[in-house]
Amino acid sequence: MALIDSLTRVTRVGSGQARGWTNLSSRVFRGLIVLAVATIGGTIVGSALAQEAGGGVALDCPEGDLVYQLTHDIIEDAPGGPSTSEAGLNGFANRTYPGLQQSVAITRGVSAEAHNGAPTEEFRLDDDGDGQPGAIAHVVRNGDSWVLSSFVACNSLLERFSQGGQW
Amino acid sequence: MRTRLSFMGSMCFVASLVAAWAVSAQAHSGADWYPAKWPSADRVVNWRFVEPFPSGGGWRERVRNGASEWNSVSGSTMSFKNDTPDYASFSGTTCSSTAQKNAMHWGTIDGAGGIAAAEIHCTFLDANGPPGSNTTIHDFQLKWDSAENYYTGTDSPGSNQLDVWSIAAHEFGHATGRGATFGGVLTNGGDGHGHFLNSNDTLCPSGSNRHTMCQSYILGSKMFRSLETHDKDAFQDAY
């Protein structure tokens, strides 16, 4: 019940704004990088987004939207996965959100070396051409392959492309 | 001699302060780890298995063991409750249309290796409030990759097995809200997603007292089963 009340209130308060980004942009949104969380061989790594001081990007969601945040726990150095970060993103997107990639502008965001040295790539998916992403994906190199480690998106965007997709 | 001892004592004191700071820098407060939380009106978080989640072999008992670790933290106002009956299979590709339709899924993610488990938070985006304020968790979804090699017993897993109890305890930690984002803003604590950094040898040693919410689960181990001091502290502070 509390959630419903809150949704109602925010929808009303925010009715004059087309996008939540208007207010969100005034906050301290940090750069997003992926930390590959490898330690030693034979471990599961919990890959994750992490904050980085300065710069960054925020989701551009409508007022009152839900934010979908997916995190994968990855078995380190498991062989046989996609050989590029783009392929890692493609594999996830094609399986889970058919048609998404054909309907958004995808730009490469920050690339980073995680603290353990594993390279990571960020991809920003802009669905309305305003330069602000409706989704952000992070792909981490895991041995010889690249695996999607996290995916944060406006739920309203995902609902347009989830038909026929598989988690 | 006395002066030297006093000097050494001071150095030890300073060193202890530095060590304490290093730990606290990793530990942080509840707000650092929980930018979004379950609604205050109802913090008994009901969840269900989703068909066709395994019903034998100790699977469900071990998953519930993981939830119980959090339920047993003293002084907390939040807990998990395994509700019945199972949900019919549904997709986790979007936030649930029903608030708090929390679920434990089973199925293929990417086959053996690669991704072992996936966890989803859906949080309500209150664009008019700061992170952590009026920001509530809508639902959580967990999925186990059916292709992996799991251990569902209560003894010790094999060296190449994933201990279900341990993984469940870790994932339910996220389901408490630990590491939930606020429109892309991530936790101040640890790696930004609710994990203590592996590089913190105090909280994430390779020994038996490795905190449940450390970044890495060591394959074949059962160290994540029981919550450690800072796992509990942040949870208690948040709830």
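The values are calculated or read from the model by the stated rules, or taken from the named source; none is laboratory data. Keep in mind that this is a model prediction, so the values were computed, not measured. For accessibility, only protein heavy atoms count, side chains too; no ligands or nucleic acids. Shrake-Rupley method; radii C 1.70, N 1.55, O 1.52, S 1.80 Å.
Computed values, structure above
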| quantity | calculated |
| --- | --- |
| Whole-Hz couplings from phi, Karplus 6.51/-1.76/1.60, listed for region B:40-47; x for Gly and Pro | 5, 5, 8, 10, 8, 8, 7, 9 |
| 5 angstrom amide H check on A:G109, placed H, neighbours 5+ away | A:E122, A:F123, A:R124 |
| Region B:77-119: mean projected area of Cα convex hull, nm² | 4.4 nm² |
| Karplus (6.51, -1.76, 1.60) ³J(HN,Hα), θ = phi - 60°, over region B:73-82, in Hz, Gly and Pro reported as x | 6, 6, x, 8, 9, 10, 8, 9, 9, 7 |
| Probe 1.4 Å - accessible area at A:L89, Å² to nearest ten | 10 Å² |
| Amide H within-cut-off set for B:S79, under 5 Å, with H built and near neighbours excluded | B:V44, B:V45 |
| Area accessible to solvent at B:E69, 1.4 Å probe radius, in Å² | 40 Å² |
| Per-residue ³J(HN,Hα) for region A:154-167, Karplus 6.51 cos²θ - 1.76 cosθ + 1.60, θ = phi - 60°, Hz, x for Gly and Pro | 5, 4, 5, 6, 5, 4, 6, 10, 7, 4, x, x, 10, 6 |
| Per principal axis, descending, Cα span of region B:26-163 in whole Å | 47, 32, 30 |
